[in-house]
Amino acid sequence: MTLIGEYQENVKETVNNAPESDKDTKTATKNINATEASKGRNNSEKVKCERAVYRCWKESPLVKLMIGAMKSAGCSLDIRRHISCEVCAPQVSGGFDPILNQVVICQNNAVDAGMVQGILTHEMIHMFDYCKNNLDFKNIDHLACTEIRAANLAHCSFLSAWLNGDTSFFDFKNTHQNCVKSKALSSILAARNISKLDAIDAIERVFDRCYNDLEPIGRRIRRNSLDMHRAFDEGYYYGYDDTS
Ligand SMILES: [Zn+2]
């Protein structure tokens, strides 16, 4: 059973493929029409995406927690400057660009506010680590650590909350750790051209330390547990209303 559309993320590298020029006038005209059509589609996707980002920014307890955590860690955060809706490759739904210090939401692949919230929270964990924990994305152990944290805090925790109803505690613990490991693995493989074995090695090397590092969400989520449950019950978390 897949509860969440598994998405791949990537440190930004796929933006707007510019249409190639064409010598044949007929084809060129056709291309212009196609380009105009896709421009129109891109614009409406962008508007939808930005609305979803704005809604999460104002209403999502998780995103608001992350904004607060970033600010109190001295990492400034501005919705216009640090979040960008863009067109990405088909399988990429979001990413963090450490050079621009910007979270990218892939407007063509992130289709609703629930999904945008999941991506935003995940990428903001990377942004937090980059700002506060001196994350070096070139260091595979660092990358593994931040992916474990993002999977643990943003991705698998809601999955496990959902699973909690029909799994025993002991299964649940394993299920949760496996969720974090496999999510982290797919994120690392999407971001880096390394072998699966090397990625698994890196995950195992840092797992205990990074899995138990719940900063900044874990410490605060208890304080906000009522909010969280209310929001969770509303069913828009990660598109949980759509469990097909
Ligand atoms: Zn990630």
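The values are calculated or read from the model by the stated rules, or taken from the named source; none is laboratory data. The structure displayed is predicted, hence computed values, not measured ones. In this analysis, Cβ positions are derived from the backbone assuming ideal geometry, glycine residues included, and neighbour counts consider all displayed protein chains.
Computed quantities for the displayed model
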{"quantity": "Residue in the stretch 7-18 that is away from the ligand (no atom under 16 Å from the Cβ), on the phi < 0 side of the Ramachandran plot and at pLDDT 90 or above present", "calculated": "no"}
{"quantity": "Some residue of the stretch 53-65 being surrounded by 11 or more Cβ atoms within 10 Å (Cβ to Cβ), outside any loop (DSSP other than H, G, I, E, B), modelled with pLDDT of 50 or more and within 16 Å of the ligand (Cβ to nearest atom)", "calculated": "yes"}
{"quantity": "Close pairs (7 angstrom Cβ cut-off, 6 or more residues apart or separate chains): farther than 20 Å from ASN193 by Cβ and at pLDDT 65 or above in the stretch 139-167, of a type in the set (A, V, I, L, M, F, W, C) and outside any helix (DSSP H, G or I) anywhere", "calculated": "LEU153/LEU214"}
{"quantity": "Of residues in the stretch 88-132 being closer than 16 Å to CYS56 by Cβ and of a type in the set (Asp, Glu), the one surrounded by the fewest Cβ atoms within 10 Å (Cβ to Cβ)", "calculated": "ASP112"}
